[in-house]
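The values are calculated or read from the model by the stated rules, or taken from the named source; none is laboratory data. Predicted model, so just to flag it, every value in this text is computed and none were measured. Positions of Cβ are generated from backbone atoms using ideal geometry, with glycine treated the same way; all protein chains shown enter the neighbour counts.
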């Protein structure tokens, strides 16, 4: 088997990935690789390529899961591609008023694009890390609410009776603070719950792995409420406020 160049290896991966999804037999995949590259491969090399594709796909998926914003950005790009294809097919239909055959073909393609786009919007809440955590959190919350409805009152670590969900280092009821209302904060991205009194009134997520906190986002998110700030000390991450950026600089060495 002759050695493949970098470009040829990328082409082989593309061929193997595309044909494997279509359940094409391995012998047919080997023939297609030979047809497009002029070089032969063995079944062992084909197995190696498939394993590489799996590892790269797993790494890509894990990276997307690490940042809510990155996943949303990637998802938006796929939606934009479908919308652009829809626009082109509408243009084909308008330009071929006297050719029903072409119009019919574009209408069929449009229907498939509409189904794909609908599927994207149906599954995205369950594919994002926040969506997965939200589903798990909802189950836990419903279970806890059921327990609250049954028992009504729980005991805090300091022995106080409370209906408020207890969190670590709570400085409200456990310390006997005289207040008529008690409220904790929950991050809408990672669903971390914390006591703002325990953190000196901090209103941003203390979870070190949350891209909405000191970890930061790898690119500037679209945010209608905040103008995100880029860290210029070397990491290039983006942060919602100057306070979070300063906390990031204090926590990480650049």
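Kindly indicate whether residue 206 is in contact (Cβ under 8 Å) with a residue 40 or more places away in the chain and either over 20 Å from the mean Cα position of the chain (by Cα) or not assigned by TED's automatic domain parsing to the domain that holds residue 73 (or both).
no
If you check 65, 23, 2, 9 for being surrounded by 14 or more Cβ atoms within 10 Å (Cβ to Cβ) and either at positive phi or at pLDDT below 80 (or both), only one passes: 65. Annotation: of all residues in region 74-116 being under 20 Å from residue 222 (Cβ atoms) and in contact (Cβ under 8 Å) with a residue 12 or more places away in the chain, the one that is surrounded by the most Cβ atoms within 10 Å (Cβ to Cβ) is 75.
Here residue 252 clears all of (1) surrounded by fewer than 11 Cβ atoms within 10 Å (Cβ to Cβ); (2) modelled with pLDDT under 85 except the condition numbered (1).
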